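Engineer: One structure follows; several queries about it will come next.
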Amino acid sequence: MAEQATYPGSCFCGAVQLKVSGEPVAMGYCHCTSCRHWSAGPVNAFSLWKPDAVKVTKGADSIGTYAKTPQSERKWCKSCGGHIFTDHPGMGLIDVYAAVIPDLRFKPALHVHYQESVLPVKDGLPKMKDVPKEMGGSGQTLPE
């Protein structure tokens, strides 16, 4: 059996450390109002992982949680405030923010919640109105 790739990650100060193993289920950009507000940016780069691929290796007691909705449990470091990941229990996936795992080669495949975009992006990737059908969305795409 081949060994899976493992990528380390951490919060802003390093008090919380994690590792992700294998390959993400998906990578892309989220334009929803909640992600934009949470990240303090016009778009948020995500990498979605199965829960068993994400392991907190240090500082689990330093992780704070905020659930604005039942769909997203956002996690951050209580020491530095650095955002770490979002658990999406309904999808059975964890979004580890792409910037948190610097050694992972980020290969975005799509944009989600593009109807909420404040930053038009012309990169040739599909622009989903919400999310793909497989994830409970309409599956509808929008023009660039």
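Engineer: Considering only protein heavy atoms and a 1.4 Å probe, what is the carbon-and-sulfur percentage of the accessible area of the chain?
Structural biologist: 54 percent
Engineer: Also, quick follow-up: Report the number of Lys pairs in region 6-127 whose alpha-carbons are under 20 Å apart, with separation of 8 or more residues or on distinct chains.
Structural biologist: 16
Engineer: Explain nothing, just the number: dipole magnitude of the chain about its Cα centre with +1 on each Lys and Arg Cβ and -1 on each Asp and Glu Cβ, in debye rounded to the nearest 20.
Structural biologist: Here the chain has a charge dipole of around 200 debye.
Engineer: Roll a 1.4 Å probe over the protein chains and send me the accessible area per residue for the chain in Å².
Structural biologist: Computed with neighbouring chains in place, this is 55 Å² per residue.
Engineer: By the scheme Lys and Arg +1, Asp and Glu -1, what is the net charge of all other residues having a beta-carbon under 11 Å from that of Met91?
Structural biologist: Its environment carries a net charge of -2.
Engineer: Out of every Cα-Cα pair in the chain, what percent are more than 22 Å apart?
Structural biologist: For the chain, the fraction of Cα-Cα distances above 22 Å is 37 percent.
Engineer: Using 0.36 nm per residue, how much length does the chain from Asp61 to His37 gain when fully extended, once their Cα-Cα distance is taken away?
Structural biologist: Using 0.36 nm per residue and subtracting the Cα-Cα distance, I get 6.1 nm.
Engineer: Out of every Cα pair in region 96-138, what percent are spaced more than 16 Å from each other?
Structural biologist: 49 percent
The values are calculated or read from the model by the stated rules, or taken from the named source; none is laboratory data. This structure is a prediction, so every number in the text was calculated from the model and none was measured. Because the Cβ atoms are built from the backbone with ideal geometry, glycine has one as well, and the counts that use them run over all protein chains shown. Note: areas computed on protein heavy atoms with side chains; ligands, DNA, RNA excluded. Shrake-Rupley method; radii C 1.70, N 1.55, O 1.52, S 1.80 Å.
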